1. Right, L87: open to solvent by less than 30 Å² (accessible area, probe 1.4 Å), of a type outside the set (V, I, T) and modelled with pLDDT under 90 or not?
2. Mind checking which residues of the range 44-69 are in contact with a helix residue (DSSP H, G or I) (Cβ under 9 Å, 6 or more places away or on another chain) and either in contact (Cβ under 8 Å) with a residue 40 or more places away in the chain or loosely packed, with under 13 Cβ neighbours inside 10 Å (or both)?
3. Restricting to the range 4-18, and then to whatever is at pLDDT 90 or above and in a helix (DSSP H, G or I), can you tell me which residue is least open to solvent (accessible area, probe 1.4 Å)?
4. Taking the criterion of being in contact (Cβ under 8 Å) with a residue 40 or more places away in the chain, part of a helix (DSSP H, G or I) and either of a type in the set (S, T, Y) or over 19 Å from L125 (Cβ atoms) (or both), would at least one residue in the range 20-43 satisfy it?
5. Within the range 103-125, how many residues turn out to be farther than 21 Å from A13 by Cβ and in contact (Cβ under 8 Å) with a residue 24 or more places away in the chain?
6. Can you find, within the range 32-43, the residue that is surrounded by the most Cβ atoms within 10 Å (Cβ to Cβ) among those that are farther than 20 Å from A62 by Cβ and of a type outside the set (G, A, S)?
7. Of all residues in the range 109-125, how many are part of a loop (DSSP other than H, G, I, E, B) and either on the phi > 0 side of the Ramachandran plot or buried (at least 17 other Cβ atoms within 10 Å of the Cβ) (or both)?
8. From A53, A93, grab the single residue that is of a type in the set (A, V, I, L, M, F, W, C), within 27 Å of W17 (Cα to Cα) and either under 19 Å from the mean Cα position of the chain (by Cα) or at pLDDT 85 or above (or both).
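The values are calculated or read from the model by the stated rules, or taken from the named source; none is laboratory data. It should be emphasised that the depicted structure is a prediction, and the values quoted were computed from it without experimental measurement. Ideal geometry is used to build each Cβ from the backbone, glycine not excepted, and the neighbour counts take in all protein chains shown. The protein model used for the area step is the full one, side chains on, heavy atoms only, and it has no ligands, DNA or RNA in it. Shrake-Rupley method; radii C 1.70, N 1.55, O 1.52, S 1.80 Å.
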Amino acid sequence: MYSSYFNHVSRVAEGWWDRRDFLHRWWRLYAGDRRWTPPHYGSLYRALVSERAPHVARQHPALIYVEALYGRSRRNGEAGSSFSTALMEEPVAATVLLADPRRRDDTATLGLLATANDEESLDRL
C-alpha cells in the first residue's frame, strides 16, 4: 500500500497563540517515537512562547512549520488510485530558524528540526 502527504502548507508563527500552537505541533511530530526523550516542557515553553530566554530572543527566532494532508491509495489489487484524505491537516515538518545578528556571514541555524518520514515534507520546509 502506498501512502504520502499532499497539499503542503508552510506557516510562520507570528503571535503568542501561533508560537504556542507551533510548540504543540512540534511535540506531536515526536510523540509517536517511543525512543524519544522529551525536553523539559516548561523550559522550552518559556524560551519559545513567552520569550523569556535572552539568548533565544536575541536571535529573533522564526518558528516555521509545514502541514499537509495524509493520503493513502487503494490496495494493490484494486482498480484506480484514489486517495482517501483526512479531514484535518497534520504537521509534517517544523523548525526554529535562529539568525544571530552578531554573525557577519549571514547564516542561520535550524533548531529543533523535526520532520515526518517524507522527503517532500523536508523539501517544502
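1. On the way: open to solvent by less than 30 Å² (accessible area, probe 1.4 Å): no; of a type outside the set (V, I, T): yes; modelled with pLDDT under 90: yes.
No, not satisfied.
2. Taking the range 44-69 and keeping what is in contact with a helix residue (DSSP H, G or I) (Cβ under 9 Å, 6 or more places away or on another chain), we get 44-45, 47-53, 55-57, 61, 63-68.
Within the range 44-69, L48, S50, R52, H55, V56, P61, L63, I64, Y65, V66, E67, A68 meet the criteria.
3. D18
4. Within the range 20-43, one or more residues are in contact (Cβ under 8 Å) with a residue 40 or more places away in the chain, part of a helix (DSSP H, G or I) and either of a type in the set (S, T, Y) or over 19 Å from L125 (Cβ atoms) (or both).
5. Here is the first cut: in the range 103-125, the ones farther than 21 Å from A13 by Cβ are 103-107, 117-120.
Filter once more, keeping what is in contact (Cβ under 8 Å) with a residue 24 or more places away in the chain: 118, 120.
Count: 2.
6. W36
7. The total comes to 3.
8. Sole residue among the options that is of a type in the set (A, V, I, L, M, F, W, C), within 27 Å of W17 (Cα to Cα) and either under 19 Å from the mean Cα position of the chain (by Cα) or at pLDDT 85 or above (or both): A93.
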